[in-house]
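Have a look at the structure below before the remarks.
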Amino acid sequence: MQVDTLILGAGAAGLMCAAHAGPGVLVVDHARAPGEKIRISGGGRCNFTNMHTAPEAFLGANPHFCKSALGRYTQWDFLDLVGRHGIPWHEKTLGQLFCDRSAKDIIAMLLAEIEAAGAQLWLGTEIVDVARDGTGFAVTLRRDGRDVRVHARALVVATGGKSIPKMGATGLGYRIAGQFGLPMTETRPGLVPLTFSGPVLDRLKPLAGLSLEASVSCGGTSFREGLLMTHRGLSGPSILQISSYWREGQEISVDLCPGQDLFGALRGQRQQSGRKAIATALAEHIPARLAQVIAEDAGLAGNLADQNDTRLRALADRAGDWRLLPAGSEGYRTAEVTLGGVSTDALSSRSMEARDVPGLYFIGECVDVTGWLGGYNFQWAWSTGWAAGKAI
Ligand code: FDA
């Protein structure tokens with residue numbers, strides 16, 4: 001069978017590319033349904049883009065690489081598409097745009113787009129083998145127990161990363177890149193809860209279920225968002241964000257009272273109600289169980305009146321710079337994305353085509369570009385899907 005363009009992966013990037021790659025497109029996926037990650041994303045409402053999308057919100061070995069695709073197909077372009085399909089949406093916080101009804105609206109929109117473009121979609125299809133075939137590609141697919149050989153002029157790899165293997169992630173894109181001699185950068189889980197062990201975990205475990213707004217920092221980067229204590233460690237948006245910057249062996253610093261003059265507040269409380277227990281006083285600023293732990297960590301007990309300025313300062317410093325050493329992360333099992341991937345050195349930032357293998361394209365999460373939490377990763381999928389589609 002001959003096609004113009006064969007797209008491997010019917011996720012966000014692959015479907016977007018199929019809608020723009022012109023005639024003769026076949027999209028294949030081993031899953032039974034397209035866009036499974038879209039379906040479960042954003043708690044079922046899909047945080048489909050972010051109004052503040054800008055290159056600064058993306059990590060990768062080359063911070064400039066993402067500029068071209070993001071600049072040519074922007075969050076406003078995607079929003080326009082969503083509007084044309086009459087999908088109701090809202091801004092939740094920090095520029096994050098969600099469907100009012102369901103993530104399924106986005107999948108239906110993409111399927112309508114690829115149908116209008118005349119693209120074929122084969123689900124339940126295994127990718128058995130990929131090879132160069134003259135100036136094109138020969139790909140062996142297995143469908144309904146039978147092998148089908150497809151010849152394609154252009155081959156687009158949109159098979160995502162390694163995160164959430166249960167949902168069909170395989171890392172196939174990295175193997176294809178390796179087969180064609182493209183360099184890779186190290187891959188690791190991103191946007192993932194951090195885990196702790198030993199005495200630190202013993203301190204954190206009783207706090208499981210607590211949540212608060214915090215500013216979490218690591219290596220000069222900070223995020224001020226929600227923080228959630230879990231049975232295994234820490235989660236919530238601020239932790240997921242910092243996990244993409246964290247490396248094993250590094251401490252994270254948690255400011256439990258961001259933007260507050262905690263020392264000044266505690267001094268004021270001491271003047272007004274000196275007989276208040278120190279942990280009770282701190283509990284006016286952070287959840288009570290956490291206040292107890294922080295006061296103990298700072299070695300303080302007794303009433304406010306028992307504390308001099310130095311001790312109150314030490315407590316405020318502890319709450320403002322609570323240092324914790326994670327043991328690890330929850331890994332690909334729960335990571336929202338995979339950091340690293342196909343090296344951008346090997347790709348054109350305009351078309352996403354491999355520089356040394358004409359006709360071979362890599363888009364979406366398998367490329368070494370990863371966005372922050374908040375709709376940035378889907379925008380990367382839409383922008384690169386569009387960029388490759390237009391170039392083909
Ligand atoms: P994606 O993973 O979407 O698609 C890859 C496709 O390739 C899949 O359909 C898969 O079945 C197929 N495939 C893989 N290996 C194959 C093989 N060997 N053979 C055949 N097919 C194969 N981002 C965001 O911006 N906003 C959000 O709200 C969320 N929420 C979110 C929640 C959860 C739980 C997760 C895990 C992730 C998110 N994300 C997110 C991240 C977002 O889902 C991710 O960045 C995009 O889906 C990446 O799009 P891709 O098309 O590159 O890969």
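Overview of values
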{"read-out": "Residues (more than 8 Å from the ligand (Cβ to nearest atom), crowded, with 24+ Cβ neighbours inside 10 Å and among the hydrophobic types (A, V, I, L, M, F, W, C)) located in region 1-15", "value": "L6, I7"}
{"read-out": "First in region 371-383 and touching a residue at least 60 places away in the same chain (Cβ under 8 Å) and more than 6 Å from the ligand (Cβ to nearest atom), second anywhere and of a type outside the set (S, T, N, Q) and assigned to a strand (DSSP E or B), Cβ under 6 Å, 6 or more apart", "value": "G371/F58; W380/G371"}
{"read-out": "Residue check, R45 surrounded by fewer than 16 Cβ atoms within 10 Å (Cβ to Cβ), of a type in the set (K, R) and within 10 Å of the ligand (Cβ to nearest atom)", "value": "no"}
{"read-out": "Whichever residue in region 59-76 is assigned to a loop (DSSP other than H, G, I, E, B) and open to solvent by 50 Å² or more (accessible area, probe 1.4 Å) and, among such residues, is farthest from the ligand (Cβ to nearest atom)", "value": "H64"}
{"read-out": "Qualifying strands (runs of 3 or more DSSP E) (wholly inside region 127-202; at least 3 residues being more than 10 Å from the ligand (Cβ to nearest atom), under 17 Å from G359 (Cβ atoms) and open to solvent by less than 30 Å² (accessible area, probe 1.4 Å))", "value": "136-143, 146-157"}
{"read-out": "D356 being open to solvent by 30 Å² or more (accessible area, probe 1.4 Å), outside any helix (DSSP H, G or I), away from the ligand (no atom under 13 Å from the Cβ) and in contact (Cβ under 8 Å) with a residue 24 or more places away in the chain", "value": "yes"}
{"read-out": "Residue match in region 79-98 (condition: hydroxyl-bearing (S, T, Y) and either at pLDDT below 95 or away from the ligand (no atom under 13 Å from the Cβ) (or both))", "value": "yes"}
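The values are calculated or read from the model by the stated rules, or taken from the named source; none is laboratory data. Computed from a prediction, not measured in an experiment: that's the story for all the values here. Using ideal geometry, Cβ is built from the backbone for each residue, glycine included, and neighbour counts are taken over all protein chains shown. These area figures cover heavy atoms from the full protein model, side chains too; ligands, DNA and RNA do not enter into them. Shrake-Rupley method; radii C 1.70, N 1.55, O 1.52, S 1.80 Å.
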